[in-house]
Amino acid sequence: MNTDFPRIITLLRKERNISQKQAATDLGVSQALLSHYEKGIRECGLDFLVKTADYYNVSCDYLLGRCAEPMGKAAKEAPAASGEDKDKLTEEQKMLLDSQKLIFSMVSEKDEGKLEKAVRSYLSLAVYRIFRVIFSANPKNDRRFFTLSSPAADGFTLSAMELKKARAEAIAVSGEMQSTPITTNTLTGTYPEHASSLFNQVKQCEDEINAVQDKDE
């Protein structure tokens with residue numbers, strides 16, 4: 001269990017002269033549960049971690065004790081994976097790449113590489129699909145770039161993605177992943193360089209999904 005998180009959230013609350021009762025109300029949890037988090041009795045979930053970071057205006061890395069600066073490595077741009085200064089990645093792009101690195105690290109040594117292959121195939125199809133969308137934006141682009149015609153390609157790609165997803169699920173639930181614990185603490189401890197990106201990626205995606213649901217209601 002991460003021992004820094006309880007200490008840091010308690011310190012932040014007291015520094016701001018916020019009562020435990022008020023903080024619990026603002027964060028949408030009971031005072032008893034917040035007390036358990038602050039004492040390290042219980043481990044919080046990803047949603048609470050991100051919500052707490054937003055509440056105190058600090059980074060998830062800071063809450064987990066991974067950096068000394070409250071806002072973490074908050075540079076607007078980060079060096080590209082190639083290390084070349086001329087190529088820059090935004091924080092959002094880096095977050096996506098880091099999340100993928102974490103996932104591949106998790107599955108690469110599981111089930112003799114079968115799960116990694118299924119995950120890689122699924123993500124490759126997603127890249128292929130969105131590239132076709134970008135390519136098709138310009139009607140002057142030569143459609144012979146692809147061997148599959150546009151009307152059929154999207155449907156076939158979706159079907160292939162569903163098959164790969166089902167394959168990954170079947171391998172995961174029947175293999176080593178079913179006994180692999182995944183918590184904010186295990187992710188942070190095992191993948192310290194990429195965990196924060198995954199946490200934020202999950203939060204961002206769920207916010208977007210909730211926004212779509214709200215529009216439909």
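The numbers here are math on the coordinates, done by the rules we state, and not lab data. Because the structure is predicted, anything quoted here is derived from the model rather than measured. Don't worry about glycine lacking a Cβ; one is built from the backbone with ideal geometry, like all the others, and counts go over all protein chains shown.
Here the spin labels are modelled as points 7 Å beyond Cα on the Cα-Cβ line, and at Ser174 and Ala126 they lie 2.4 nm apart. Once the Kirkwood radius over Cα pairs is known for the stretch 91-216, the Stokes-Einstein relation at 4 °C and 1.567 mPa s delivers a diffusion coefficient of 77 µm²/s. Projecting the Cα positions of Cys44, Ile134, Ala170 onto the charge dipole of the chain (unit charges on Cβ atoms of Lys, Arg, Asp and Glu, taken about the Cα centre) puts Ile134 furthest along the positive direction.
When only alpha carbons of the chain are considered, Rg and Dmax amount to 21.0, 65 Å. When only alpha carbons are used to place a centre, the stretch 108-166 and the stretch 2-68 end up 41 Å from one another.
Between the residues Ile209, Gln100, Ala118, the greatest Cα displacement towards the positive end of the dipole of the stretch 91-216, with unit charges on the Cβ of Lys, Arg, Asp and Glu, is found for Ala118.
So which DSSP H runs in the chain come out at 30 Å plus along the axis (Cα) with average Kyte-Doolittle of at least 0.5? If you can, show how the numbers build up before the last one.
Details: long enough: 114-136 (33 Å, 0.54); 150-174 (36 Å, 0.23); 195-216 (32 Å, -0.85).
Membrane-span-like by this rule: 114-136.
Within the stretch 111-162, which trypsin sites (Lys or Arg not before Pro) sit in a loop by DSSP and count at most 13 neighbouring Cβ atoms inside 10 Å? Counting only loop positions with at most 13 other Cβ atoms within 10 Å, the trypsin sites (Lys or Arg not before Pro) in the stretch 111-162 are Lys140.
With +1 on each Lys and Arg Cβ and -1 on each Asp and Glu Cβ, how big is the dipole of the stretch 91-216 about its Cα centre, in debye rounded to the nearest 20? Walk me through the intermediate numbers first.
On the way: 16 positive and 18 negative charges, 139 e Å.
Magnitude of the dipole: close to 660 debye.
Please arrange Phe145, Phe199, Phe135 by counting, for each residue, the other beta carbons lying within 10 Å of its beta carbon, fewest first.
Numbers: Phe145 9, Phe199 23, Phe135 14.
By the 10 Å Cβ count, ascending: Phe145, Phe135, Phe199.
Ranking Leu187, Asn200, Thr147 by Cα position along the charge dipole of the stretch 91-216, where only Lys, Arg, Asp and Glu carry charges on their C-beta atoms, puts Thr147 farthest toward the positive end.
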